[in-house]
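Asks: Questions regarding the structure given below will be posed in turn.
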Amino acid sequence: MANIGYIQVVRHCNHFCGFCSNPTTPYQHTFESMKVLVDDFVERGYFGVILTGGEPSLHPELPRIARYARDRGLHVRMITNGWRLADDAFAKEMADAGLSLVHVSVYSVRPDVEERLRGTPGTLEKAFAAVENANRHGIDVNINCVINKLNADHLDENIRHWMTHHPYIRHFVWNNLDPSMGRAEVNQDQYTPRLADFELSLHRALKMLHGSGRTFRVEKVPLCYMTDFAWASTETRKIVKGEERIVHFLDAKQTVRQTDWEHIYNESCAVCSLRTICGGLFDRGNAYDPAELYPVFIDRDAVVEKIIRDPKDPSYEFRSLDDWRTDFERRIAEARAAGPRKPHGDRPDQPPPSMSPGNGPAVGQITEQGLRLFEAKRQSEGRKAAQHGIALERTDDALPPPTNDPDA
Ligand code: SF4
C-alpha cells in the first residue's frame, strides 16, 4: 500500500488564517527528533513523508531533514503557503535537498478573498512565484485548497486560473474545512460552508480538470456531494484500499494513526448504495448539518473498479473485483470483531484513543525557549485576531512542563 506519513515540523506560521486547524503551540522539533519519525516511517515500509506545519519552511533544518528522508528512500513532499519558495534560492535549495513534490495551498485566486482568508496582504503573488520557482527547479507542484464559506462559490474560477496561467500543474487537492480544531473550531460561523454552498462550483471544477486529463483528490466531502467523481474521494480510496495514515502532531495529540475513515451519517445513509465506501460527513465539531446528506443509488462496484484499476496508482495489491471483495469483507469482519468505535468525549479536537498508537516516539518537545516564543506569538496573534474580528484558538490543554532547554 502507498502509505504516506505526515510530520508537523513546526506549528508557527507567517500567515494568520482564521480557520487554521493547526495553530501555534510551544512544541518544537530538532533535526534529531524529526529523524526518529522519518526512521519510523522507513521501518513501517511507508512510501513517502509529507512535511507540514504550521508553515514547515520556517524550520531552519527543513532542507536537512528533507535530504535525510530522501536518502532513506522516502518520497519527500511538503505542504506550504509558498511564501519562502517565492525566493528562488530557497526553492533551489529544497529541490537539491530532495523535495519531489510541493503542495502549495491557495484558497482563492481573488486577491481580496485570499487576503481576508490569510489575514496577511500580498500572499497571492508569493504563491504564484512559489509555483513558478518550484516548477523551474523540477519539483512537482500540486495545489491544495481548503473549501470554506468565502471560496465555496468559485472553486471553478480558481481552476480556470491555474489551467490558464500555470498549465504545468497537473494535480489538485481539496480539503473541506475541518471545524473541529484550532481557530476553525472557534470561528465556525465565519468559515464553515454548507455542503450545498460548494456543490456546484466543486462539480464544475472537477469536470474541467477531468476533461483536461488532470487528476485530483477531494477530502472530507461526503460522496453525495461528488457522486460523479466518487473515485477521487481521499476517504473512499483509503477505505477501498485499506490504507492507513500516521500524523505526527506537534501538540498534545502527538501521534495519531488513522485506519478508520468513517465519520458521521444520517438515517438515510442506510439505504445509500455507496454507504460501505463513503467516509460520510467529517464533523467532530457539530458545525455541519447531517440533514444535508442524501442517499444516492449508483453502482458501488463501478467506483471501486476505477480505484483498484487506476494505472496512476500502481501500489494496490488486488486488481480484480472478486479479490477486492474477499479482502474487503475480511477487513469488515475484523473491524466488527474489534467492537464499536469509542466516542471522543467532550473534546472534538482530540482523536479517539483508538486512533493513537500510544507507544510511539515523542513528537518534539516543550522547552523554556519554546514557551517564550509561544507566549510572544500568542500576544501578536491576539492583536491580529482583534484586528480581523476573529477569535483566537483555545489553549486550555494542560501543557506538560518543559523537558529541557538547549539554549540555557
Ligand atoms: S448519503 Fe450518506 S453514505 Fe450516501 S453518499 Fe451521502 S454521506 Fe455517503
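The values are calculated or read from the model by the stated rules, or taken from the named source; none is laboratory data. Predicted model only: the values in this text are computed from it and were never measured. Here the Cβ positions follow ideal geometry from the backbone for every residue, glycine too, while neighbour counts run over all protein chains shown.
Asks: For the range 261-281, what are the residues that are without any contact (Cβ under 8 Å) to a residue 24 or more places away in the chain and within 8 Å of the ligand (Cβ to nearest atom)?
Replies: Arg275
Asks: Just name the residue that is surrounded by the most Cβ atoms within 10 Å (Cβ to Cβ) out of those in the range 251-290 that are of a type in the set (A, V, I, L, M) and at pLDDT 95 or above.
Replies: Checked the range 251-290; the qualifying residue surrounded by the most Cβ atoms within 10 Å (Cβ to Cβ) is Ile277.
Asks: Moving on. If a residue must be over 24 Å from Phe90 (Cβ atoms) and surrounded by fewer than 19 Cβ atoms within 10 Å (Cβ to Cβ), how many such residues does the range 111-155 contain?
Replies: Matching residues across the range 111-155 total 5.
Asks: Please find, within the range 299-310, the residue that is farthest from Ala196 (Cα to Cα) out of those that are more than 12 Å from the ligand (Cβ to nearest atom) and of a type in the set (D, E, K, R).
Replies: Applying the first criterion (more than 12 Å from the ligand (Cβ to nearest atom)) to the range 299-310 yields 299, 301-302, 304-310.
Now restrict to residues that are of a type in the set (D, E, K, R): 299, 301, 305-306, 309-310.
Details: Asp299: 23, Asp301: 26, Glu305: 28, Lys306: 26, Arg309: 31, Asp310: 29 Å.
Within the range 299-310, the match that is farthest from Ala196 (Cα to Cα) is Arg309.
Asks: Take Ala66 and tell me if it is modelled with pLDDT of 95 or more, surrounded by fewer than 24 Cβ atoms within 10 Å (Cβ to Cβ) and either farther than 18 Å from Thr24 by Cα or among the aromatic types (Phe, Trp, Tyr) (or both). Let's see the steps before the verdict.
Replies: Values: modelled with pLDDT of 95 or more: yes; surrounded by fewer than 24 Cβ atoms within 10 Å (Cβ to Cβ): no; either farther than 18 Å from Thr24 by Cα or among the aromatic types (Phe, Trp, Tyr) (or both): yes.
Considered against the rule, which asks whether it is modelled with pLDDT of 95 or more, surrounded by fewer than 24 Cβ atoms within 10 Å (Cβ to Cβ) and either farther than 18 Å from Thr24 by Cα or among the aromatic types (Phe, Trp, Tyr) (or both), Ala66 comes out as no.
Asks: From the set of residues in the range 137-175 that are in a helix (DSSP H, G or I) and of a type outside the set (A, V, I, L, M, F, W, C), which is nearest to Glu114 (Cα to Cα)?
Replies: Initial filter on the range 137-175 (in a helix (DSSP H, G or I)): 155-165.
Imposing the further condition that a residue be of a type outside the set (A, V, I, L, M, F, W, C) reduces the set to 156-158, 160-161, 164-165.
On the way: Asp156: 15, Glu157: 13, Asn158: 11, Arg160: 16, His161: 14, Thr164: 19, His165: 17 Å.
Filtering the range 137-175 for residues that are in a helix (DSSP H, G or I) and of a type outside the set (A, V, I, L, M, F, W, C), the one nearest to Glu114 (Cα to Cα) comes out as Asn158.
Asks: On the basis of being surrounded by fewer than 17 Cβ atoms within 10 Å (Cβ to Cβ), more than 16 Å from the ligand (Cβ to nearest atom) and either modelled with pLDDT under 90 or over 23 Å from the mean Cα position of the chain (by Cα) (or both), does Asp346 make the cut?
Replies: yes
Asks: Report whether or not Gln379 is farther than 25 Å from Lys35 by Cα, modelled with pLDDT of 90 or more and among the polar types (S, T, N, Q). Let's see the steps before the verdict.
Replies: Working: farther than 25 Å from Lys35 by Cα: yes; modelled with pLDDT of 90 or more: yes; among the polar types (S, T, N, Q): yes.
Criteria met by Gln379.
Asks: So for the range 180-191 (the condition being in a loop (DSSP other than H, G, I, E, B), away from the ligand (no atom under 16 Å from the Cβ), touching a residue at least 40 places away in the same chain (Cβ under 8 Å) and surrounded by fewer than 21 Cβ atoms within 10 Å (Cβ to Cβ)), does at least one residue qualify?
Replies: Our first condition is that a residue be in a loop (DSSP other than H, G, I, E, B); within the range 180-191, this holds for 180-181, 187.
Subsequent filtering for residues that are away from the ligand (no atom under 16 Å from the Cβ) retains 180-181, 187.
Now restrict to residues that are touching a residue at least 40 places away in the same chain (Cβ under 8 Å): 180-181, 187.
Narrowing further to those that are surrounded by fewer than 21 Cβ atoms within 10 Å (Cβ to Cβ): none.
No; the residues of the range 180-191 include none that is in a loop (DSSP other than H, G, I, E, B), away from the ligand (no atom under 16 Å from the Cβ), touching a residue at least 40 places away in the same chain (Cβ under 8 Å) and surrounded by fewer than 21 Cβ atoms within 10 Å (Cβ to Cβ).
Asks: Oh, and also: When the residues of the range 170-179 are filtered to those that are away from the ligand (no atom under 16 Å from the Cβ) and modelled with pLDDT of 95 or more, which remaining residue is surrounded by the fewest Cβ atoms within 10 Å (Cβ to Cβ)?
Replies: If we take residues in the range 170-179 being away from the ligand (no atom under 16 Å from the Cβ) and modelled with pLDDT of 95 or more, then Arg170 is surrounded by the fewest Cβ atoms within 10 Å (Cβ to Cβ).
Asks: Follow-up. Check whether at least one residue in the range 240-250 is touching a His at 6+ places or on another chain (Cβ under 8 Å) and of a type in the set (Gly, Ala, Ser), and report yes or no.
Replies: Step one: filter the range 240-250 for residues touching a His at 6+ places or on another chain (Cβ under 8 Å), giving 250.
Keeping just the survivors that are of a type in the set (Gly, Ala, Ser) gives none.
The answer is no; no qualifying residue exists.
Asks: Just give me the residues in the range 200-245 being within 16 Å of the ligand (Cβ to nearest atom), crowded, with 17+ Cβ neighbours inside 10 Å and acidic (Asp, Glu), in sequence order.
Replies: Within the range 200-245, Glu219, Glu235 qualify.
Asks: Moving to a separate point now. Where residues in the range 1-22 are more than 29 Å from Ile239 (Cα to Cα) and out of contact with any strand residue (DSSP E or B) (no Cβ under 7 Å at 6 or more places or on another chain), which of them is surrounded by the fewest Cβ atoms within 10 Å (Cβ to Cβ)?
Replies: By that ranking, first place goes to Asn14.
Asks: Here's a follow-up. Would you pick out the residues in the range 291-302 that are over 30 Å from Tyr191 (Cβ atoms) and either surrounded by fewer than 11 Cβ atoms within 10 Å (Cβ to Cβ) or of a type in the set (Val, Ile, Thr) (or both)?
Replies: Correct list: Phe297, Ile298, Asp299.
Asks: Additional query: Just one of Met78, Met94 is under 20 Å from the mean Cα position of the chain (by Cα) and not charged (D, E, K, R); which is it? Lay out the reasoning, then the answer.
Replies: Details: Met94 fails: under 20 Å from the mean Cα position of the chain (by Cα).
Going through Met78, Met94 in turn, just one is under 20 Å from the mean Cα position of the chain (by Cα) and not charged (D, E, K, R): Met78.
Asks: Suppose the filter is in a loop (DSSP other than H, G, I, E, B), within 16 Å of the ligand (Cβ to nearest atom), modelled with pLDDT of 95 or more and among the β-branched types (Val, Ile, Thr); does Val296 pass it?
Replies: Considered against the rule, which asks whether it is in a loop (DSSP other than H, G, I, E, B), within 16 Å of the ligand (Cβ to nearest atom), modelled with pLDDT of 95 or more and among the β-branched types (Val, Ile, Thr), Val296 comes out as yes.
Asks: OK, next. Considering each residue of the range 308-330, count those that are under 18 Å from Asp260 (Cβ atoms) and surrounded by 13 or more Cβ atoms within 10 Å (Cβ to Cβ), and give that number.
Replies: Taking the range 308-330 as the starting set, the residues that turn out to be under 18 Å from Asp260 (Cβ atoms) are 327-330.
Subsequent filtering for residues that are surrounded by 13 or more Cβ atoms within 10 Å (Cβ to Cβ) retains 327-328.
The total comes to 2.
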